[in-house]
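The values are calculated or read from the model by the stated rules, or taken from the named source; none is laboratory data. Values in this document were obtained by computation on a predicted structure and should not be read as measured data. Positions of Cβ are generated from backbone atoms using ideal geometry, with glycine treated the same way; all protein chains shown enter the neighbour counts.
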Amino acid sequence: MSFSAQINRFVDHAKSNTGKLMDGVTYNLLDVSIDRTPFGRPALWKRKPPPGYEPGRLRGGWGVNGSESSMRIDAAGDKAKSAARATVEQTPFDAERSIRNPVPYGAEIEQGGGEYLTPPNKALYPSGGIIGLAKAEFQSVVRQEHSKLGVSRV
């Protein structure tokens, strides 16, 4: 095999691994964000529900790259995950990816944290909020996805 062919093979392999890594990190962070999003029974909350609150809309609101998701009601989060994965699969690995939730009352629930949860979920809610915990876990998520690819160092 010529030197040029070896270089091209290396570049193709690196691009493939980069794409797999980006997809894995995006899926991981998206899944945990959806799963950690509070969903409860407002009658049991310490605070009144924010204006416009609808059970399942905040979980259903998650999406990637501004995809239209804010109108979806999804108590389990499965529809949001599926739609976001479809968007990721169509996104080039080197394109910017952002995980978003445009639901207007999302920030209020995020800042209110456990006051919007019902037991036993309250104990599972991260003290730094969903976004804060995702930031704190980011490097470990990247390492985890690298290890799935058989890459030894990040």
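For this structure, a couple of remarks:
- Qualifying residue in segment 39-50 (condition: out of contact with any Pro (no Cβ under 9 Å at 6 or more places or on another chain) and modelled with pLDDT of 85 or more): no
- Any pair with Cβ under 7 angstrom, 6 or more apart, that starts in segment 36-65 at a residue that is at positive phi and ends at one that is in a loop (DSSP other than H, G, I, E, B) and hydrophobic (A, V, I, L, M, F, W, C): 56/39; 56/73; 56/75
- Every residue from segment 71-112 that is small (Gly, Ala, Ser), under 23 Å from residue 45 (Cα atoms) and within 16 Å of the chain's Cα centre (by Cα): 75, 76, 77, 106, 107
- Taken over segment 73-84, the criterion of being of a type outside the set (Gly, Ala, Ser) and modelled with pLDDT under 90 is satisfied by 73, 74.
- Within segment 37-65, the residues that satisfy the criterion of being within 19 Å of residue 82 (Cβ to Cβ), buried (at least 18 other Cβ atoms within 10 Å of the Cβ) and out of contact with any strand residue (DSSP E or B) (no Cβ under 9 Å at 6 or more places or on another chain) are 37, 39, 57, 58, 59, 60.
- Restricting 59, 9 to those that are at pLDDT 80 or above and either in contact with a helix residue (DSSP H, G or I) (Cβ under 6 Å, 6 or more places away or on another chain) or part of a helix (DSSP H, G or I) (or both) reduces the list to 59.
Yes/no matrix, rows are residues, columns are (1) part of a helix (DSSP H, G or I); (2) modelled with pLDDT of 80 or more:
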{"residue": "104", "(1), (2)": "no, yes"}
{"residue": "111", "(1), (2)": "yes, no"}
{"residue": "123", "(1), (2)": "yes, no"}
{"residue": "133", "(1), (2)": "yes, no"}
{"residue": "142", "(1), (2)": "yes, yes"}
{"residue": "153", "(1), (2)": "no, no"}
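- Residue satisfying all of: in segment 66-91; without any contact (Cβ under 8 Å) to a residue 24 or more places away in the chain and assigned to a loop (DSSP other than H, G, I, E, B); surrounded by the most Cβ atoms within 10 Å (Cβ to Cβ) among these: 74
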